[in-house]
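Presented below is the structure to which this report refers.
The values are calculated or read from the model by the stated rules, or taken from the named source; none is laboratory data. Given the structure is predicted, the values throughout are model-derived calculations rather than measurements. Please note: Cβ atoms are built from the backbone with ideal geometry, for glycine as well, and neighbour counts cover all protein chains shown.
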Amino acid sequence: MPDDPASLEATLKAAARALGFDAAGLARADEAWEAGARLAEFVAEGRHGEMRWMEDTLARRRAPTAMWPKARSALVVAMNYGPDHNPLDTLAARESGNISVYARGRDYHDLIRSRLKQLAGGVARLTGADVKVFVDTAPLMEKPLAQRAGLGWQGKHTNLVSRDLGSWFFLGTVLTSADLAPDAPEPDHCGTCRACLDICPTAAFPAPYQLDARRCISYLTIEHAGPIPREFRAAMGNRIYGCDDCLAACPWNKFAASASEAALFARAELKTPGLDELAALDDAAFREIFSGSPVKRSGRDRFVRNVCVAIGNSGQPTLTAHLLPLLNDASPLVRGAAIWALARLDPACFAGEKARRRPAEHDTSVQEEWDLGA
């Protein structure tokens with residue numbers, strides 16, 4: 001324990017930076033906040049879509065102490081994963097799939113969790129208090145907590161923005177039963193800017209600081225299990241896993257730097273992967289390519305569904321040949337997406353295939369799949 005109590009907080013932040021985190025701040029974890037009420041409204045309005053886990057854990061998400069009553073303070077850290085290019089540029093490469101920047105490298109959960117455990121060990125040794133670590137996998141509202149710790153503010157797109165790191169950083173939290181002096185919360189610096197709202201291709205923001213996940217491409221490509229709703233398919237463009245538009249549009253990114261952590265660098269094969277190769281992935285190949293990647297959690301069928309939609313939006317009839325094998329895919333989700341993509345990309349081929357594969361009258365499930373492309 002430092003002789004000067006005031007230096008304890010500085011020691012913990014220095015330890016966080018020594019472990020490779022780009023920023024660290026402290027907040028009280030046992031004080032009332034409005035974030036819990038806002039989350040309850042979000043769920044009550046159904047804007048969480050199929051993410052039932054948000055509804056099931058709502059009571060524990062309302063405040064850090066609702067999940068862990070002993071929590072008194074939070075040491076919140078940030079790790080930069082900034083890209084070395086403008087992610088919006090890859091949207092024009094219609095023969096390639098666009099994967100969200102955060103998912104192009106190693107899965108951040110494992111990387112941050114291992115270092116947080118080291119940091120938490122230091123907190124425990126210095127304070128003698130209990131600790132728990134969190135990396136986006138438990139019912140803890142990390143963004144409001146990070147704002148309280150002075151790391152940034154929740155912008156109009158509901159994501160955290162930093163004056164130093166822009167929009168590109170991961171968060172991690174060490175909750176502790178120790179009483180630590182908090183930092184000043186970061187005020188909102190969005191002003192009159194609405195770049196993040198205006199760029200959204202699916203109008204997922206009903207109002208500033210509000211998100212309807214059911215319209216968000218990140219939700220649709222990752223969390224949504226069924227067919228992509230028809231009204232959003234064209235708007236998806238070539239986005240096959242996540243969406244960075246609202247983050248990339250933020251003017252504060254002019255202060256952001258590229259990631260310095262090698263594990264977070266984009267893998268070359270995930271920067272602009274070809275849709276033709278991705279469409280051919282079976283389950284084994286999908287698992288091999290995305291081993292250690294956040295993309296793996298979507299599963300092969302959901303991912304290839306997204307690839308089919310991107311092919312349908314590509315405007316490249318040469319990709320038609322890569323859809324035809326998927327018309328016989330074992331997954332109805334993939335078959336339906338391939339049918340829609342074929343109808344959009346090559347109507348003549350679609351008509352011929354539908355006539356050739358005309359289902360029996362009693363086979364309503366097959367007919368429904370073909371109707372998706374009508």
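Please work out which residue is surrounded by the fewest Cβ atoms within 10 Å (Cβ to Cβ), limiting yourself to the range 107-165 and to residues that are more than 18 Å from GLY82 (Cβ to Cβ), polar (S, T, N, Q) and under 17 Å from the mean Cα position of the chain (by Cα).
THR137
Output the residues belonging to the range 212-241 that are under 17 Å from THR158 (Cβ atoms), hydrophobic (A, V, I, L, M, F, W, C) and in contact with a helix residue (DSSP H, G or I) (Cβ under 8 Å, 6 or more places away or on another chain).
Of everything in the range 212-241, those that are under 17 Å from THR158 (Cβ atoms), hydrophobic (A, V, I, L, M, F, W, C) and in contact with a helix residue (DSSP H, G or I) (Cβ under 8 Å, 6 or more places away or on another chain) turn out to be ALA213, ILE217, LEU220, ILE222.
Can you name the residue in the range 105-149 that is under 30 Å from GLY191 (Cβ atoms) and part of a loop (DSSP other than H, G, I, E, B) and is also modelled with the highest pLDDT among such residues?
Selected residue: ALA149.
Looking at the range 150-164, can you tell me whether even one residue there is touching a strand residue (DSSP E or B) at 6+ places or on another chain (Cβ under 8 Å) and at pLDDT below 95?
For the range 150-164, residues touching a strand residue (DSSP E or B) at 6+ places or on another chain (Cβ under 8 Å) and at pLDDT below 95: present.
Looking for something assigned to a helix (DSSP H, G or I), touching a residue at least 60 places away in the same chain (Cβ under 8 Å), more than 30 Å from VAL309 (Cβ to Cβ) and not hydroxyl-bearing (Ser, Thr, Tyr) - is there at least one such residue anywhere in the range 71-78?
Checking the range 71-78: not a single residue is assigned to a helix (DSSP H, G or I), touching a residue at least 60 places away in the same chain (Cβ under 8 Å), more than 30 Å from VAL309 (Cβ to Cβ) and not hydroxyl-bearing (Ser, Thr, Tyr).
Inspect all residues belonging to the range 147-166 and state whether any of them is touching a Phe, Trp or Tyr at 6+ places or on another chain (Cβ under 6 Å), of a type outside the set (A, V, I, L, M) and closer than 13 Å to ALA35 by Cα.
yes
Taking only the range 18-44 into account, find how many residues are under 23 Å from TYR209 (Cα atoms) and either modelled with pLDDT under 95 or part of a helix (DSSP H, G or I) (or both).
14
If you go through the range 158-167 one residue at a time, do you hit one that is closer than 30 Å to ILE240 by Cβ, touching a Cys at 6+ places or on another chain (Cβ under 8 Å) and of a type in the set (A, V, I, L, M)?
Looking for residues that are closer than 30 Å to ILE240 by Cβ, touching a Cys at 6+ places or on another chain (Cβ under 8 Å) and of a type in the set (A, V, I, L, M), one finds at least one in the range 158-167, hence yes.
Can you tell me which residue is nearest to LEU275 (Cα to Cα) among those in the range 298-350 that are basic (Lys, Arg) and within 23 Å of the chain's Cα centre (by Cα)?
Only one residue tops the list, namely ARG305.
For every residue, the table says whether it meets (1) among the polar types (S, T, N, Q); (2) more than 17 Å from THR90 (Cβ to Cβ); (3) modelled with pLDDT of 95 or more.
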{"position": "LEU211", "(1), (2), (3)": "no, yes, yes"}
{"position": "CYS216", "(1), (2), (3)": "no, yes, yes"}
{"position": "GLU231", "(1), (2), (3)": "no, yes, yes"}
{"position": "ALA234", "(1), (2), (3)": "no, yes, yes"}
{"position": "LYS254", "(1), (2), (3)": "no, yes, no"}
{"position": "ALA268", "(1), (2), (3)": "no, no, no"}
{"position": "THR272", "(1), (2), (3)": "yes, no, no"}
{"position": "ASP282", "(1), (2), (3)": "no, yes, yes"}
{"position": "ARG305", "(1), (2), (3)": "no, yes, yes"}
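Where in the range 207-320 are the helices (runs of 4 or more DSSP H), entirely inside, with at least 2 residues that are closer than 30 Å to TRP53 by Cα, of a type outside the set (Lys, Arg) and without any contact (Cβ under 8 Å) to a residue 60 or more places away in the chain?
Output list reads 230-236, 283-289, 300-312.
How many of the residues in the range 196-217 are closer than 15 Å to ASN98 by Cβ and surrounded by fewer than 19 Cβ atoms within 10 Å (Cβ to Cβ)?
Within the range 196-217, residues that are closer than 15 Å to ASN98 by Cβ and surrounded by fewer than 19 Cβ atoms within 10 Å (Cβ to Cβ) number 2.
Can you tell me which residue in the range 257-278 is nearest to ARG300 (Cα to Cα), limited to those that are surrounded by fewer than 19 Cβ atoms within 10 Å (Cβ to Cβ) and touching a Ser or Thr at 6+ places or on another chain (Cβ under 7 Å)?
That would be GLY274.
Among the residues that make up the range 2-17, is at least one of them modelled with pLDDT under 90 and of a type in the set (Lys, Arg)?
No; the residues of the range 2-17 include none that is modelled with pLDDT under 90 and of a type in the set (Lys, Arg).
Identify, please: which residue in the range 68-86 is of a type outside the set (A, V, I, L, M) and touching a strand residue (DSSP E or B) at 6+ places or on another chain (Cβ under 8 Å) and is, among those, modelled with the lowest pLDDT?
The qualifying residue modelled with the lowest pLDDT is GLY82.
Give all pairs with beta carbons closer than 7 Å in which a residue from the range 132-148 that is at positive phi meets a residue that is surrounded by fewer than 22 Cβ atoms within 10 Å (Cβ to Cβ); count only pairs at least 6 apart in sequence or on separate chains.
Pairs found: ASP136/HIS109; ASP136/GLU142.
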